[in-house]
1. Could you name the aspartates and glutamates in cross-link range of residue 179, using Cα to Cα under 12 Å and dropping any fewer than eight places away on the same chain?
2. Do me a favour and compute the ellipsoid semi-axes for the range 78-158 from its Cα gyration tensor, root of five times each eigenvalue, largest one first, whole Å.
3. Got a sec? What order do 5, 145, 111, 54 fall in by accessible area at 1.4 Å, biggest, i.e. largest, first?
4. Could you tell me what fraction of 2.2 N^0.38 Å the Cα radius of gyration of the chain comes to, as a two-decimal ratio?
5. Say R0 is 35 Å: what FRET efficiency, to the nearest 0.05, do residue 165 and residue 33 get from their beta-carbon distance?
6. Can you tell me the FRET efficiency between residue 92 and residue 5 if r is taken as the Cβ-Cβ distance and R0 is 35 Å, rounded to the nearest 0.05?
7. Over all distinct alpha-carbon pairs, what is the Kirkwood Rh of the range 139-184 in angstrom?
8. Determine how large the accessible area of residue 13 is when every protein chain is in place; take a 1.4 Å probe and give Å² rounded to the nearest 10.
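The values are calculated or read from the model by the stated rules, or taken from the named source; none is laboratory data. Source: prediction; values computed, not measured. We place every Cβ from the backbone using ideal geometry, glycine too, and count neighbours over all the protein chains shown. Side chains included, ligands, DNA and RNA excluded: accessible areas come from the protein's heavy atoms. Shrake-Rupley method; radii C 1.70, N 1.55, O 1.52, S 1.80 Å.
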Amino acid sequence: MHITTAENDIESILYTEEQIKKRVAELGKELSEIYKDSTPVMACVLKGASVFYTDLVRAFNGHMLFDFISVSSYGQAAKSSGKVSFKKDFDNDLKGKDVIIVEDIVDTGLTLKYLKELLAERDVKSVKTVALLNKYECHPRDLDTDYFGFKIENQFVVGYGLDYAGYYRNLPYIGVLKKSVYAD
Ligand code: 5GP
């Protein structure tokens, strides 16, 4: 087991390394089948999706192109406007391409919605989204991600790329933080 001091802050493990590995392999297989006649641009939304992305692309069997994007969200603290702007835009020319946006987690769904709308203006062939985690109860069905790994409850999770204040991204599993971490 990978022991770090970060582990002491975890209340419970939601998905183990093994469970994630199995599910990501399934997702990779599913996407390989769907895009078997295409060379999609798979875009990792930094930084949260980075760990998921590197596993997912290795489970993808076929040609694909790497891309990394980074976005800033703007909005009130209590209510996200879902408006995003690029901190780092796509490197690939997307014209006529199938694009797959790879996110860590869908909460309100507004980030993915905004990215999809933005890409629709770039003359792409198609845009789909895949997220490792889906807070299913937190967004209307029309803002759902196209593909996802696991449905989760409305709780704050870290690990496998997801952070709290920049920490915990390196945990190999998805866990729930102890309340005492927030209270400090
Ligand atoms: P949305 O636009 O779907 O509300 O926001 C998605 C983003 O919010 C994710 O990419 C992630 O950065 C952040 N987020 C939402 N829920 C969680 C969570 O439980 N844990 C962490 N670490 N980030 C989250």
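1. 9, 11
2. Details: eigenvalues 109, 38, 26 Å².
So the equivalent ellipsoid measures 23, 14, 11 Å along its semi-axes.
3. Numbers: 5 115, 145 10, 111 35, 54 60 Å².
Largest accessible area first, the residues go 5, 54, 111, 145.
4. Numbers: Rg = 16.4 Å, N = 184, 2.2 N^0.38 = 16.0 Å.
For the chain, the normalised Cα radius of gyration comes out at 1.02.
5. On the way: r = 39 Å, r/R0 = 1.11.
Between residue 165 and residue 33 the formula returns 0.35.
6. Numbers: r = 39 Å, r/R0 = 1.12.
Taking R0 as 35 Å, the efficiency between residue 92 and residue 5 is 0.35.
7. Details: mean 1/r = 0.0816 Å⁻¹.
Answer for the range 139-184: a Kirkwood hydrodynamic radius of 12.2 Å.
8. Using a 1.4 Å probe on the heavy atoms, I get roughly 80 Å².
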